[in-house]
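For reference, the structure is listed below as structure tokens.
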Amino acid sequence: MDFLCLFILLLLLFFQWTAAPAAAEISWTYTGLVGQTEWAQYFPYCGATSQSPVDVVTTQTKYDPSLIPLTPLGYNQHGYKPFTLFNNGHTAGILLPEWMGVSGLPWLFTAVQMHLHWGSGGPSYGGSEHTINGLSADAELHVVHYNSELYPNMSTAMTQRNGLAVLGILIVTGEETNLAFNNILNYLGRVRHADQSVSIPAFDVQSLLPKDLGRYYRYNGSLTTPPCYQSVIWTLFHERVQISKAQLLKMETILYSSKAEEKDRMLLQDNYRETQPLNHRVIFTSFTAESGKELSSGEVTAIVIGVMCGCVGLAVIVRFIVKTIRSTSSWDVLPSNRPAPMPRMNEPEKKQDVDLNMTSEGEKKEEPSLPPQTEP
Ligand SMILES: *[C@@H]1O[C@H](CO)[C@@H](O)[C@H](O)[C@H]1NC(C)=O
Ligand SMILES: *[C@@H]1O[C@H](CO)[C@@H](O)[C@H](O)[C@H]1NC(C)=O
């Protein structure tokens, strides 16, 4: 009997041991059985204190003048080798060639992949992961890089401090079609089901980014999907990119989170995580509120007129003071107060003479109009 008990115990231990790695590959989702509120039960980091995404409360950000503009490296030298577009059931994205990277961070980072997050309700129904002052954008692009100065590859870097740098680009909708995004959207129909991938023509990745790469928010955070490693240096650009409503609709309705062989098709929608508590973290900005404002022509006119009025006013005051000095102290004593002219200073001395002549002429002209010595 004792032997049987031991056997059963060993069997249980064995199953526990083999079940543990399986838990790491558990299939998580955004809603449902292993939805985002359950992630932390299976992936402990998802319940840790430096998670992403976050809400950027702009009044609580801190300006850091050391945050220089980011420079994409090789983003627009895509070459002729096709890109790989994938649908992994959680997102659609593109694997990036290793010669692409980004500088302007404390280390050099090598590009790995980029992917999208979106909603389900069309414009103004959410879809971005990061929010600004509580407001969502319609979608969000993430360009993922790993720290190739400190770590040998992505799989090592993603678990380590400062291992990853992700560029976050908020996407909003407008009237115009964003042709750069068609380089992705035109091919989504070929990866409708989870685990599908396809080769697509390479294109200029930088054309997906906003023009202004100098103004951004910076904070330390995590992967926004399990296992939620807290290894990410986040850069969220201030400028947002715009796609058309039709482009957003395509992104939101064309993909499935279910596999091709699965009978019940599940649309891949609302693949964004709720914002996470900051927990004493500070979000830094590379820009100040003033530098963010662009002046309207009316404001420029007002400033020009203001400056001109100021100058005229100053000139009037200076003239008044000069006159007061001249009328209270004798003009004739001024030249004798000056040091004797040095031979080498002929030029300045001449100029002074001219100046004096001019002012004394002006003096002569205006002197009669002023009642002499009326001031107390
Ligand atoms: C990444 O690097 C580590 C450490 O050198 C190595 O053990 C691991 O096999 C590498 N992984 C990949 C996917 O190349
Ligand atoms: C991120 O954490 C590192 C310490 O690992 C710290 O030196 C750095 O200032 C932090 N960066 C931000 C933007 O908070």
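The values are calculated or read from the model by the stated rules, or taken from the named source; none is laboratory data. What you see is a predicted model; the values in this text were computed from it and never measured. Cβ: placed from backbone, ideal geometry, glycine included. Neighbour counts: every protein chain shown. For accessibility, only protein heavy atoms count, side chains too; no ligands or nucleic acids. Shrake-Rupley method; radii C 1.70, N 1.55, O 1.52, S 1.80 Å.
So SER128 clears everything in (1) open to solvent by less than 10 Å² (accessible area, probe 1.4 Å); (2) of a type in the set (S, T, N, Q); (3) more than 16 Å from ligand 1 (Cβ to nearest atom); (4) in contact with a helix residue (DSSP H, G or I) (Cβ under 6 Å, 6 or more places away or on another chain) except one condition, right? Which one?
The failed condition is (4).
Step by step: first the residues of region 84-121, then only those that are part of a strand (DSSP E or B) and among the aromatic types (Phe, Trp, Tyr), then the one that is most open to solvent (accessible area, probe 1.4 Å). Which residue is that?
Taking region 84-121 and keeping what is part of a strand (DSSP E or B), we get 84-87, 92-95, 101-103, 109-118.
Going one step further and asking which of them are among the aromatic types (Phe, Trp, Tyr), we end up with 86, 109, 118.
On the way: PHE86: 28, PHE109: 2, TRP118: 1 Å².
Restricting to residues being part of a strand (DSSP E or B) and among the aromatic types (Phe, Trp, Tyr), the top hit is PHE86.
For region 133-160, what are the residues that are open to solvent by 40 Å² or more (accessible area, probe 1.4 Å) and more than 16 Å from ligand 1 (Cβ to nearest atom)?
Listed by number, the residues that qualify are ASN133, GLY134, LEU135, SER136.
Check LEU185, LEU164 and return the single one that is within 25 Å of ASP138 (Cα to Cα) and within 16 Å of ligand 2 (Cβ to nearest atom).
Every option except LEU164 fails the conditions.
Does any residue in region 255-274 that is more than 13 Å from SER120 (Cα to Cα) come within less than 8 Å, Cβ to Cβ, of a residue that is of a type in the set (A, V, I, L, M) and in a loop (DSSP other than H, G, I, E, B) six or more places away or on a different chain, and which pairs are these?
Listed pairs, sorted by first residue: SER257/MET266; SER257/LEU268; SER258/MET266.
Residue by residue, here is whether (1) part of a strand (DSSP E or B); (2) under 29 Å from ARG265 (Cα atoms) holds:
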{"residue": "PRO123", "(1), (2)": "no, yes"}
{"residue": "GLY127", "(1), (2)": "no, yes"}
{"residue": "VAL143", "(1), (2)": "yes, yes"}
{"residue": "ASN162", "(1), (2)": "no, no"}
{"residue": "VAL166", "(1), (2)": "yes, no"}
{"residue": "LEU170", "(1), (2)": "yes, yes"}
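Could you tell me which residue of region 62-78 is nearest to ligand 1 (Cβ to nearest atom), considering only residues that are open to solvent by 80 Å² or more (accessible area, probe 1.4 Å) and part of a strand (DSSP E or B)?
So, considering only residues that are open to solvent by 80 Å² or more (accessible area, probe 1.4 Å) and part of a strand (DSSP E or B), the one nearest to ligand 1 (Cβ to nearest atom) is LYS62.
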